[in-house]
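See below for the structure under consideration.
Derivation of every value follows stated rules applied to the coordinates shown; laboratory data play no part. A quick note: this is a predicted structure, and the numbers were derived from the prediction, not measured. Cβ atoms come from the backbone with ideal geometry, glycine included; neighbour counts cover every protein chain shown.
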Amino acid sequence: MGASCAKPVCKPLSGDFDDRYRPQRLFYPAGFAVYITLNRRKIMPAKVPHSSNVAGDFYVEDGCCTSCSMPFTVAPDLFESHPDGHCYVSKQPTIPAEVHRMTMAFEVQDVGCIRYKGQNRVIKILLIGKGEGDQIDHLDADLDLLNREVKADRWGLK
Ligand code: SF4
């Protein structure tokens, strides 16, 4: 049974009941999961672009390189290699064919260094559809949900 309190102000308004079954207690774990989900992007440390990236929405994260050279196989016009072997975005895509090649670079890259920090929802949905949603810096709640759905589908979890 619920804990009782001698103070009149602490008496339940009506009757006595087992507070283990208070609805809000049942929702504590779910509420915590929602809190983590909504604040995950704030909790995760910000990605730092390599200094050689040309200004724009697509970038290669600094210090994230195994010198895979894979971007050059699909988008040699959009990437260049730093003397240390680290690739970087040398040209932002401006036409659909370039956007397509850039998203292909996301798919072939070795360790997830290429990222998107823009706000274009079409590009975000394109990347999510390719299973690259985690490479997007800012996902709105609906696209975050879509990303989870796509990943679960690709991993056979549904
Ligand atoms: S895609 Fe990543 S691992 Fe491959 S060359 Fe570029 S920075 Fe290095």
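Using 1/(1 + (r/R0)^6) with R0 = 30 angstrom and r between the beta carbons of D57 and A152, what's the FRET efficiency to the nearest 0.05?
Efficiency computed from Cβ-Cβ geometry: 0.65.
Which length gain, in nm to one decimal place, applies between H100 and H138 when the Cα-Cα distance is subtracted from 0.36 nm times their residue separation?
Separation in residues times 0.36 nm, less the Cα-Cα distance, equals 11.7 nm.
Can you tell me the FRET efficiency between S67 and R121 if r is taken as the Cβ-Cβ distance and R0 is 22 Å, rounded to the nearest 0.05?
Taking R0 as 22 Å, the efficiency between S67 and R121 is 0.10.
Within a 10 angstrom radius of the beta carbon, how do C65, C87 rank from fewest other beta carbons to most?
Ascending Cβ contact count within 10 Å gives the list C65, C87.
Taking 2.2 N^0.38 Å as the expected size of a compact globular protein, what ratio does the Cα radius of gyration of the range 57-158 give against it, to two decimals?
1.07
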